[in-house]
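Here the structure comes first, spelled out in structure tokens, and everything after it is commentary.
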Amino acid sequence: MLKQHSNRSPKPFFTPRRRRLAVSMEKAGAHGGKRWLPRLLLLAALTWLLMVYFHLAMFRTPPVSAPHASLVAVVASDGEDGQRFRLRQEQQLKRISSATTSTSALPERGRGDDAACRGRYVYIHDLPRRFNAEILENCAHWYPWHNMCGYLENGGLGEPVDNADGVFGDEGWYATDHFGLDIIFHRRVQQYDCLTDDSSRAAAVFVPFYAGFDIVQHLWGVNSTAAEKDALSVDLVDWLTRRPEWRAMGGRDHFFLSGRTAYDHQRRPESDSEWGNKLLHLPAVQNMTVLFVEKLPWTKFDFAIPYPTYFHPAKDAQILEWQQRMRAMKRPWLFSFAGGARNDPYSIRHHLIRQCGASSFCKLVQCRKNERNCLIPSTFMRVFQGTRFCLQPTGDTMTRRSAFDAIMAGCVPVFFHPDSAHTQYRWHLPEAHDAYSVLIPEDDVRAGNVSIEETLRAIPPEVAERMTETVIGLIPRLVYADPRSRLETLRDAVDLTLEAIIARVNKMREEMGAGREHLLQKQNDDAGSQQRS
């Protein structure tokens, strides 16, 4: 409370008593100064040294953080049952929901401090626009029958899905193209917390070449020649190999991504008529780490990462809320199949359609040509959410985006070939394949030796429940978070991918330092010979 001003004059500072005290102190100082001054100086010096010590301790010691526990390991642990896991998830959800952390502003680039980022830095090449931005400008003409520009909205996520029937969450769900990872992955890496502008400090070097978008604009072109399909890939290699960053490890610390399958990039160099381009046959590319949504089975320099789904959370709470919702789902159907038949007589899809249609335990969504219902994302997600096991046969290639949509819905995938997931997504799926999926050999289905219904009904209910819990626990590591934000504590598919790439590069760096570079070259030569055979 402020005091009222007074018209009276202020009292003089030196009253008679204060003057006597000052004189007394002056005399004491005159006689004792030589004795007390060194002590005061020593005390001041010690105080200053202590301040410097604590300052250095605070700013030079790496921050201690709890390790990221695998959700799958938590669920599968014999020492912790599903009930305790759910309770812990609920507590974490409450803590995050009550937090007031804002994600409206983009995180600052490279905000990680040196101690936390040492050995984790990523350098992003500043490529000429022809390798990415100019490709996007042609989005209206990638396909002769469809304008893809709408799928590039919201950082590549596409437009928000129509959630009128409440199948999806209120936030974080988009109509994402299943081959749209080129831009999503690039934007997410730009939000990585350990970026550097100094390539000499980088553990890995990202090349933001939109390889998938590049090839798709030539696959259905009326007059696209082999040279046109290969042109930008050859140009990229020429540009990269002239850079000083390349010379550090001969490109072995470089990585890039195509949002399509590796099949689209492995045309034989001597062929002008085959599908796709020859990107994977370029020697410089074989020195790098290449990412696809589906890899080649016989090569060792390319790796599969998950297909993008419709779910792109902007914060941890959105993931945890969705997991809780999937745990509470009632699943009246034992198994389901959503998809269309194939003209290929070797395909097992017509066997699945026949078995599912004949079973009272199966929900069938059969997609025929131009059937509009199958173009609506909620059609499949509603079925997956009400099903315990979702059949995931091969599609046009060995893998399907549908397998990841099913996992987002808490539905246990049933595969019919190891190359549909088990040999593909080793960075993101557990090594214990039977913990989260079922494998029924397609040869047995094709020969009529197996009943899918009987196989799945033979799984004990408690085992099926545990598998469902494991699948729901996988959700955070399979989503691609909204590239305009950053998750608080959970790690998404990009985080796990960068971690695996850095580990791979570090291993090669050690081998090169130990003089075993010839082994790396032999590995690439062996991969090339297997590919040619």
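The values are calculated or read from the model by the stated rules, or taken from the named source; none is laboratory data. Note that the structure is a prediction, hence the values are computed from the model and not measured. Positions of Cβ are generated from backbone atoms using ideal geometry, with glycine treated the same way; all protein chains shown enter the neighbour counts. Ligands, DNA and RNA are stripped out before the accessible areas are found, and what is left, the full protein with its side chains, is counted by its heavy atoms. Shrake-Rupley method; radii C 1.70, N 1.55, O 1.52, S 1.80 Å.
Candidate cross-link partners of Lys300 among the aspartates and glutamates, defined by an alpha-carbon separation under 13 Å and a same-chain spacing of 8 or more, comprise Asp525, Asp526. Its Kirkwood hydrodynamic radius, worked out from the mean inverse distance over all distinct Cα pairs, puts region 149-259 at 16.6 Å. Taking region 295-327 and a reference point 7 angstrom along Cα→Cβ of Ile459, the backbone N atoms nearer than 17 Å belong to 327. With the alpha-carbon atoms of region 301-395 aligned to their principal axes, the span from lowest to highest coordinate is 45, 42, 28 Å, starting with the largest.
Of all aspartates and glutamates in the structure, the ones whose alpha carbon falls short of 14 Å from that of Lys315, not counting any fewer than 8 places away in one chain, are Asp170, Glu171, Asp482, Glu488, Asp492. Compared with the direct C-alpha span, the chain from Ala227 to Arg129 gains 33.2 nm at full extension, assuming 0.36 nm per residue. Summarised in one figure, the compactness ratio Rg/Rh of region 426-465, Cα atoms and Kirkwood Rh, is 1.05.
From the P(r) of region 222-373, can you give the percent of Cα pairs sitting at distances over 21 Å?
Details: 7679 of 11476 pairs.
Result for the distance tail: 67 percent.
Counting only protein heavy atoms and a 1.4 Å probe, region 164-219 has 30 square angstrom of accessible area per residue. Scattering from region 267-313 was approximated by placing one identical point on each alpha carbon and applying the Debye formula without solvent; log10 I(q)/I(0) at 0.15, 0.20, 0.22 1/Å stands at -0.51, -0.76, -0.85. With viscosity 0.890 mPa s and temperature 25 °C, the Kirkwood radius over alpha carbon pairs of region 387-513 converts through Stokes-Einstein to a diffusion coefficient of 151 µm²/s.
A simple rule links phi to the HN-Hα coupling: the Karplus curve 6.51 cos²θ - 1.76 cosθ + 1.60 with θ = phi - 60°, which for region 481-491 gives 4, 3, x, 8, 8, 8, 5, 7, 10, 6, 10 Hz, with x for Gly and Pro. Annotation for region 145-209: chymotrypsin sites (Phe, Trp or Tyr not before Pro) lying in DSSP loop with at most 11 further Cβ atoms inside 10 Å of their Cβ are Trp145. Here the convex hull built on the C-alpha positions of region 350-424 has a volume of 97 cubic angstrom per residue.
Principal semi-axes of the equivalent ellipsoid, √(5λ) from the alpha carbon gyration tensor of region 198-245, are 29, 12, 5 Å from largest down.
Per residue, the Cα convex hull of region 133-214 amounts to 123 Å³. Evaluated at q = 0.12, 0.20 Å⁻¹, a Debye calculation over the C-alpha positions of region 122-170 (equal weights, vacuum) places log10 I(q)/I(0) at -0.44, -0.81.
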